[in-house]
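Trainee: Handing you a structure now.
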Amino acid sequence: MTLMNAHPAASNGAGQPEHDDPELGTTVPEIGWPVGVVSERLGIAAPTLRSWDRRHGVGPSLRTSGNHRRYTELDMRRVELMSRLTAQGVPAQSAADSVLAMDARSIADRLTVNSATGADDELLPGSGRQDPEAIDVDAADLVESIVAAARALDPRTLSLLYRQVLRRRDVGRAWIEVFAPALRRVGDLWREGRLGVSAEHLTSELLQSELRAVVRANRLRIAGRPVVLAGADDEQHHLPLLALEAELARNGVASLFLGPRVPSEALVSALRESRPRAVFLWASLARPAVEPLWRDLGAVDWDLEVVIGGPGWAEGITVPDGPVVLTRVEDFGSAVRALTSSPGGLTR
Ligand code: B12
């Protein structure tokens, strides 16, 4: 295979690639790496690598005679640093500008500093510790980076971004400022046919594990009678429940997490067994005002606050006379307040 250098100044004129070795300070011949190997070695999806090359000029500086792209070791270091910066939420173009302005030594130094502090994944999200290396990036840029990583089906960057967000913000702010807007963008792109269902699944699956990590990190704080969290019957969306579970855990409030798609009968029987003071029910998809659940709550014989949230709940829901109080909440903060304070509902 003959390799040609895309930057003529760096070629030895014999088609033999060469580069300045930052360690040795000399010019030595080298072979380049194809995109698949770089992708595997650095854990960055090949479409992301191609997009960084095409859109931002951070890519392979060599080409084979067959015009296949080949990365040098320095190209790979550039890409690695670009990946770390975008994972911290730095917009791709700014990350590319920084990386391209740095010489080999500065790139190597920067990568060493980042690995030494374990900036990638050492600190537990939501544990109260903050990553001193993390840059406090604008929420809009983080949303953009999350959506770009979702579209590129890039799990590593997505996870790093989620962790980065949770290191700098508590769960409530993270949800309101970054996660919910990113989810809405993903949902809109999916509806317009501009993003596949696999990207939507990846976005939500990885977010689920990061939110659960917050619960794990706070497990020693949690005590007391749990509140119940559940999705409405046939309702598959349950990320808001996971975000609530995480924020409640940070506040030391225990929850009994029943997950998505909880049929009315199963819910009422779990409520009767655990006798919580409050239950939160989420619905994204539209539901009728009259459904078995509201009638079945007639079986409740203790003071129970039923808090409902999400765009799916109909107007005009009524619950049987008795100890059940129904409260509708419009946002994350109100849901947390309703579940952490003593009962007192709005409608009946
Ligand atoms: C992730 C996702 C999925 C994942 C769910 C994974 C999971 N574990 O939750 C998967 C891939 C499984 C999925 C499946 C489906 N999905 Co979906 N999904 C989403 C997505 C992108 C995010 C859902 C979410 O968490 N939303 C929560 C927050 C971010 O959004 P919100 O509800 O609009 O927030 C409003 C309020 O609720 C409030 N708010 C925000 N956060 C919080 C938190 C709390 C606690 C409170 C009280 C309020 C609150 O603020 C907003 C108003 O300003 C949404 C997009 C969207 N806009 O929601 C689509 C979306 C909800 N899905 C949609 C659809 C159509 C489906 C499917 C029917 C697709 C299909 N044909 O199979 C199925 C549903 C199957 C079922 N029976 O439930 C549509 C629903 C349209 C509609 N209104 O009917 C949406 C809106 C996408 C779209 N733009 O069209 N989905």
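Trainee: Considering only the stretch 316-325, I want to know if a residue exists there that is closer than 24 Å to R219 by Cα, of a type in the set (S, T, N, Q) and more than 16 Å from the ligand (Cβ to nearest atom). Spell out the reasoning first.
Mentor: Step one: list which residues in the stretch 316-325 are closer than 24 Å to R219 by Cα, which gives none.
No.
Trainee: If you check P263 against the conditions, is it over 25 Å from the mean Cα position of the chain (by Cα), farther than 30 Å from L166 by Cβ, open to solvent by 40 Å² or more (accessible area, probe 1.4 Å) and within 15 Å of the ligand (Cβ to nearest atom)?
Mentor: On the way: over 25 Å from the mean Cα position of the chain (by Cα): yes; farther than 30 Å from L166 by Cβ: yes; open to solvent by 40 Å² or more (accessible area, probe 1.4 Å): yes; within 15 Å of the ligand (Cβ to nearest atom): yes.
So P263 fits the description; yes.
Trainee: Six or more apart or on different chains, Cβ atoms under 6 Å: show the pairs whose first residue is in the stretch 209-230 and in contact (Cβ under 8 Å) with a residue 12 or more places away in the chain and whose second is in a helix (DSSP H, G or I) and surrounded by fewer than 20 Cβ atoms within 10 Å (Cβ to Cβ).
Mentor: none
Trainee: How many residues are open to solvent by 30 Å² or more (accessible area, probe 1.4 Å) and in contact with a His (Cβ under 9 Å, 6 or more places away or on another chain) if we restrict to the stretch 203-225? Reasoning before the result, please.
Mentor: So in the stretch 203-225, the residues open to solvent by 30 Å² or more (accessible area, probe 1.4 Å) come out as 205-206, 208-209, 212, 216-217, 219-225.
Narrowing further to those that are in contact with a His (Cβ under 9 Å, 6 or more places away or on another chain): 208.
Counting residues in the stretch 203-225 that are open to solvent by 30 Å² or more (accessible area, probe 1.4 Å) and in contact with a His (Cβ under 9 Å, 6 or more places away or on another chain) gives 1.
The values are calculated or read from the model by the stated rules, or taken from the named source; none is laboratory data. This one's a predicted model, so the numbers in the text were calculated from it and none came from an experiment. With ideal geometry, Cβ positions are generated from the backbone for all residues, glycine too; neighbour counts draw on all protein chains shown. Side chains included, ligands, DNA and RNA excluded: accessible areas come from the protein's heavy atoms. Shrake-Rupley method; radii C 1.70, N 1.55, O 1.52, S 1.80 Å.
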